[in-house]
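A.B. asks: Take a look at this one; I'll ask things after.
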Amino acid sequence: MKRSLRLTVTVLLPALLVAWNAAAWARAAAVAPGAAPPATFAGVAAPPTCPLVLWYRRPAKIWEEALPVGNGHMGAMVFGGVPTEHIQFNEHTVWTGQPHSYAHAGAVQALPEMRRLLQEMRTLEGEAFRLDPKGEVKAAREKLQQAHARQKDAEDLAMKQFMSEPLHQNKYQPCGDLWIQFEGQSQAADYRRWLDLDSALATTAYQSGGVTYRRELFASFPDSAICVRFTADKPGMLNCVVRLNSPHKDSQTTVAAAQGGQALALRGQVETGGIRFESRALLTADGGALTAESDGIRVAGASTLVIRLVAATNFKSYRDISGDPAAGCATLEKLSAGKTWEQLLAAHRADHHALFGRVALDLGRTPAAANPTDQRIQEFAAGNDPQLAALVFQYGRYLLLASSRPGGQPANLQGIWNDKLNPPWDSKYTCNINTEMNYWPSEPAALGECAAPLFAALEDLSVSGAAVAKTHYGARGWVVHHNFDLWRGAAPINASNHGIWLPGGAWMATQLWEHYLFTQDKEFLGKAAYPLMKGAAQFFADTLIEDPLTKCLISGPSNSPEQGGLVMGPTMDHAIIRSLFAACIEAAGLLQTDKDFAADLAAKMARIAPYRIGQYGQLQEWLEDKDNPKNNHRHVSHLWTVYPGAQITWQDQKLFAAARQSLLYRGDAANGWSMGWKVNLWARFRDGDHAMVVLKNLFGPVGRKGVAGGLYPNLFDSCPPFQIDGNFGACAGIAELLLQSHVRNADGTFLIDLLPALPKSWPTGSVTGLCARGGFTVDIAWKDGMLAAAMIRSGSGGACTVQYGTKTLALTLKPGEAKQLAPALR
Ligand code: FUC
């Protein structure tokens, strides 16, 4: 690629984006009504006793220090302030915009010319590289300039005629803020706040004026409410004012008597004709009095105060916003009405534990594990704190449960948590890595149910994306480009040099296949997965074209995310298409359907441009050998085939070595999600110690020199800024270091690999409940870096081969059968 272009795309563009976004990300106006100055703090609180905990000795000053809770329908951030508690919250369907098709009528007419220009670009590049492979002599440089001019023409044409209408998609929005302002609490002693991942309970405790105050908060999935309880250990000592407001200008709050107490109702709309929302805070108190005031509810002399917070919008589906937010709130309110705090908490704990409790991970515990979480992040790289890695792994599982539950929207760029009217990248669904990374842990980390919202979104996208396939490509099936939003936009957005990226839908469709591989649920495969996979494959069956230069089939126009501009046939496209085709062929066979279609896919798959090894020993990112070994771009798209794909594995040493070389060129320090991806890749390269180098970068504090990403004090991952994909990438990566199951045996069963990439710094530990393809669950214990004990359990019955180092064991298990493995494999 031309140097100046590379510089613009890899260095200047991200820098400009960050600068532009920094200006645009003006914080939403979260205003504490009647704010009081913060308290002064004394004493040093002891660490909480729960083992999986994030904890702090001071309240959150900034949003990225607050603690997240969520039930997939609502998310909330708890600040734990004294004297003012702030609970900033979201409802999953509060977005800008309204139902809209983003397809660009007539777009298909531009397609042949775009392809022609890009093929000319390739011919010119080929001529330049023949003159000089490094593109340094004058004649070669001139050819490259001409090639670049063709690319620019194709990109300009696309901007005129091929892009989404409008060019940008919509934004995920905050919903509201709950404020609880206490009186007479200007000092606090022995303050601490913590989030216990085992019970998904956020607690704040401190003493003030000789009284111990405690606040507990959870987001209940079964009762669809955020529940908060405030207690004082001396009767009648709770005195506060509770208020509810929103950063949306068009919003008002009213106060009214409600069953057993008082209620605040916040009503608003994001924009005219768009999403309308309502949120209700329902207050009940033991002792004391609740009095309505003009802008809030006064609590006087209570011993316990309970608030249930619900929210709903007019959103019914991506095509229908005729719902009634008030009726929605009334329905939700009834779920928790009349229940005691103990009942609400017990239902929440049971629900959370049934899912979260499936996996336990012990990587060893050192004294560092007792330190406050913000201190642990500061000290991780230089210290010895393996439990922080276990905590971040479990936090990933916790965050997935909190942000992605059946019936809700999928986890977006920030999960379900956002306090800004102009969030980074609109907090929508970027599909060239981010949305997919959010779901990497769902299967291996035993939370397959959490992918339901993504699968439901794919149902929608198979409709909106079919309109785009037809309008832009004249093709069957469905396509999703670089992004989608609440309205299921699927057309190429923003700019042609990165927005025209073809395999978003195809990549997401492979997650359906993964769900089948892990669960062996044939009904799911036949009813839900295969029809969507088929549509995604049909699009490529129709749009792959023969490359006049090589006679191979290639995709395009597309790009290798987000560098190098518009091109034909980037390696990543082909890797994803091959994977999807292979999955469709196998699924059609299992379901005994679509013989001809499967044969067509097989014939096309065999003709897709092969992987190529380039002049620097690298796996080529493009059809031409133009990778720059100094390029440390955050995207490692050509390595998709190693992870999350599984076409290049240790079984193919040549390509495996080339892919590894490419990863070495990209380096170990990057932004958050990029490091999350690299941990998974090093796991697949069976190099746990190199993965650990990346984990040390990933688990350090935000704002270090030389590392873009890191962790905020609340363990949210930084892209920068906060983006949740890095949390999920790290979670999946830690699982991948301990267990892999992507390689097939000759008979098609899976090879289940125990401790394929155990870092030396985790010499002793155990994990239970990790999932493997083929419907297996695996427990492993290790000591001094060696396997100590292992057990495999089959869900659906079937065969597999288990591997540890050079030893293998072939097994056939009945449904529900378990088997000890260690004596044979040690
Ligand atoms: C991708 C990345 C960016 C950012 C954005 C939301 O496009 O290249 O770094 O994560 O998504």
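The values are calculated or read from the model by the stated rules, or taken from the named source; none is laboratory data. Keep in mind that this is a model prediction, so the values were computed, not measured. With ideal geometry, Cβ positions are generated from the backbone for all residues, glycine too; neighbour counts draw on all protein chains shown. Ligands, DNA and RNA are excluded from the accessible area calculation, which covers all protein heavy atoms including side chains. Shrake-Rupley method; radii C 1.70, N 1.55, O 1.52, S 1.80 Å.
A.B. asks: Using the structure shown, decide if Ala587 is within 22 Å of Tyr473 (Cα to Cα) and touching a residue at least 60 places away in the same chain (Cβ under 8 Å).
C.D. replies: On the way: within 22 Å of Tyr473 (Cα to Cα): no; touching a residue at least 60 places away in the same chain (Cβ under 8 Å): yes.
No: the conditions fail for Ala587.
A.B. asks: With the condition kept exactly as written, say whether any residue in segment 358-371 is within 25 Å of Ala66 (Cβ to Cβ), outside the structural domain of Asp250 (by TED's automatic domain parsing) and β-branched (Val, Ile, Thr).
C.D. replies: Within segment 358-371, none of the residues are within 25 Å of Ala66 (Cβ to Cβ), outside the structural domain of Asp250 (by TED's automatic domain parsing) and β-branched (Val, Ile, Thr).
A.B. asks: If you check every pair at least six apart or on different chains, which have Cβ atoms under 9 Å apart with a residue in segment 720-735 that is within 11 Å of the ligand (Cβ to nearest atom) first and a residue that is modelled with pLDDT under 95 and in a helix (DSSP H, G or I) second?
C.D. replies: Pro720/Val18; Pro721/Val18; Pro721/Asn21; Pro721/Ala22
A.B. asks: Identify, from the list Lys339, Lys334, the residue that is more than 19 Å from Trp55 (Cβ to Cβ) and in a loop (DSSP other than H, G, I, E, B).
C.D. replies: Lys339
A.B. asks: For segment 635-719, which helices (runs of 4 or more DSSP H) that fit wholly inside it have 2 or more residues that are within 15 Å of the ligand (Cβ to nearest atom)?
C.D. replies: Result: 672-684.
A.B. asks: Counting just the residues of segment 609-628 that are over 29 Å from the mean Cα position of the chain (by Cα) and without any contact (Cβ under 8 Å) to a residue 60 or more places away in the chain, which one comes out least open to solvent (accessible area, probe 1.4 Å)?
C.D. replies: Gly614
A.B. asks: Also, quick follow-up: Would you check if there is a residue in segment 120-135 being surrounded by fewer than 23 Cβ atoms within 10 Å (Cβ to Cβ), touching a Ser or Thr at 6+ places or on another chain (Cβ under 7 Å) and among the hydroxyl-bearing types (Ser, Thr, Tyr)?
C.D. replies: Looking for residues that are surrounded by fewer than 23 Cβ atoms within 10 Å (Cβ to Cβ), touching a Ser or Thr at 6+ places or on another chain (Cβ under 7 Å) and among the hydroxyl-bearing types (Ser, Thr, Tyr), one finds none in segment 120-135, hence no.
Each row is one residue, and each column tells you yes or no for (1) open to solvent by 40 Å² or more (accessible area, probe 1.4 Å); (2) assigned to a strand (DSSP E or B).
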position	(1), (2)
Ile752	no, yes
Ala757	no, no
Cys771	no, yes
Ile780	no, yes
Ala790	no, yes
Thr801	no, yes
Thr808	yes, yes
Thr812	yes, yes
Gly816	yes, no
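A.B. asks: Lys630 passes all but one of (1) over 27 Å from Arg130 (Cα atoms); (2) more than 16 Å from the ligand (Cβ to nearest atom); which number fails?
C.D. replies: Condition not satisfied by Lys630: (1).
A.B. asks: Another question about this same structure. Please specify each residue of segment 294-317 satisfying the condition of being farther than 20 Å from Gln269 by Cβ and among the polar types (S, T, N, Q).
C.D. replies: Ser294, Ser303, Thr304
A.B. asks: Then there is this: Which count do you get for residues in segment 413-432 that are closer than 13 Å to Asn483 by Cβ and open to solvent by 20 Å² or more (accessible area, probe 1.4 Å)?
C.D. replies: Residues flagged as closer than 13 Å to Asn483 by Cβ and open to solvent by 20 Å² or more (accessible area, probe 1.4 Å) within segment 413-432 amount to 2.
A.B. asks: Another question, then. Is there any pair with a first residue in segment 521-533 that is of a type outside the set (D, E, K, R) and a second that is open to solvent by 30 Å² or more (accessible area, probe 1.4 Å) and outside any helix (DSSP H, G or I) whose Cβ atoms are under 7 Å apart and which are 6 or more apart or on different chains, and what are they?
C.D. replies: Close Cβ pairs satisfying both conditions: Leu525/Leu591; Gly526/Leu591; Tyr530/Leu591.
A.B. asks: State whether one or more residues within segment 283-293 are within 35 Å of the chain's Cα centre (by Cα) and within 23 Å of Pro423 (Cβ to Cβ).
C.D. replies: So far as segment 283-293 goes, no, none of its residues is within 35 Å of the chain's Cα centre (by Cα) and within 23 Å of Pro423 (Cβ to Cβ).
A.B. asks: Still on this structure, I have one more. Determine whether Ala219 is over 30 Å from Val463 (Cβ atoms) and open to solvent by 40 Å² or more (accessible area, probe 1.4 Å).
C.D. replies: Spelling it out, it is not the case that Ala219 is over 30 Å from Val463 (Cβ atoms) and open to solvent by 40 Å² or more (accessible area, probe 1.4 Å).
A.B. asks: While we're here: What is the residue count in segment 517-571 for residues that are among the hydroxyl-bearing types (Ser, Thr, Tyr) and assigned to a loop (DSSP other than H, G, I, E, B)?
C.D. replies: Number satisfying all stated conditions: 2.
A.B. asks: Go through Gln207, Gln259 for me and flag whichever is farther than 16 Å from Ala302 by Cα, modelled with pLDDT of 95 or more and open to solvent by 30 Å² or more (accessible area, probe 1.4 Å).
C.D. replies: Going through Gln207, Gln259 in turn, the sole match is Gln207.
A.B. asks: Which of the numbered conditions does Glu562 fail, given that it passes all the others? Conditions: (1) touching a residue at least 60 places away in the same chain (Cβ under 8 Å); (2) surrounded by fewer than 17 Cβ atoms within 10 Å (Cβ to Cβ).
C.D. replies: Answer for Glu562: the failing condition is (2).
A.B. asks: Let me ask something else about it. Taking the condition more than 16 Å from the ligand (Cβ to nearest atom) and more than 30 Å from Pro815 (Cα to Cα), does Gly499 pass?
C.D. replies: So Gly499 fails the test.
A.B. asks: Quick one: count up the residues across segment 191-244 that are in a loop (DSSP other than H, G, I, E, B) and of a type in the set (Lys, Arg).
C.D. replies: The number of residues fulfilling the criteria is 1.
Matching residues to (1) farther than 28 Å from Pro59 by Cβ; (2) aliphatic (A, V, I, L, M); (3) surrounded by 24 or more Cβ atoms within 10 Å (Cβ to Cβ); (4) assigned by TED's automatic domain parsing to the domain that holds Thr801:
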{"residue": "Arg704", "(1), (2), (3), (4)": "no, no, no, no"}
{"residue": "Asp717", "(1), (2), (3), (4)": "no, no, yes, no"}
{"residue": "Pro721", "(1), (2), (3), (4)": "no, no, no, no"}
{"residue": "Asp725", "(1), (2), (3), (4)": "no, no, yes, no"}
{"residue": "Ala730", "(1), (2), (3), (4)": "no, yes, yes, no"}
{"residue": "Val743", "(1), (2), (3), (4)": "yes, yes, no, no"}
{"residue": "Thr768", "(1), (2), (3), (4)": "yes, no, no, yes"}
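A.B. asks: For segment 360-391, which positions are among the hydrophobic types (A, V, I, L, M, F, W, C) and surrounded by fewer than 22 Cβ atoms within 10 Å (Cβ to Cβ)?
C.D. replies: Initially, segment 360-391 is screened for residues among the hydrophobic types (A, V, I, L, M, F, W, C), giving 360-361, 363, 368-370, 377, 380-382, 388-391.
Hits for segment 360-391 are Ala360, Ala368, Ala369, Ala370, Ala381, Ala382.
A.B. asks: Looking at segment 439-479, which of the residues that are of a type in the set (Val, Ile, Thr) and assigned to a helix (DSSP H, G or I) is surrounded by the most Cβ atoms within 10 Å (Cβ to Cβ)?
C.D. replies: In the first step, residues of segment 439-479 are kept if they are of a type in the set (Val, Ile, Thr); the result is 463, 468, 471, 479.
Then keep just the ones that are assigned to a helix (DSSP H, G or I); that gives 463, 468, 471.
Working: Val463: 15, Val468: 27, Thr471: 18.
Applying the filter and picking the extreme gives Val468.
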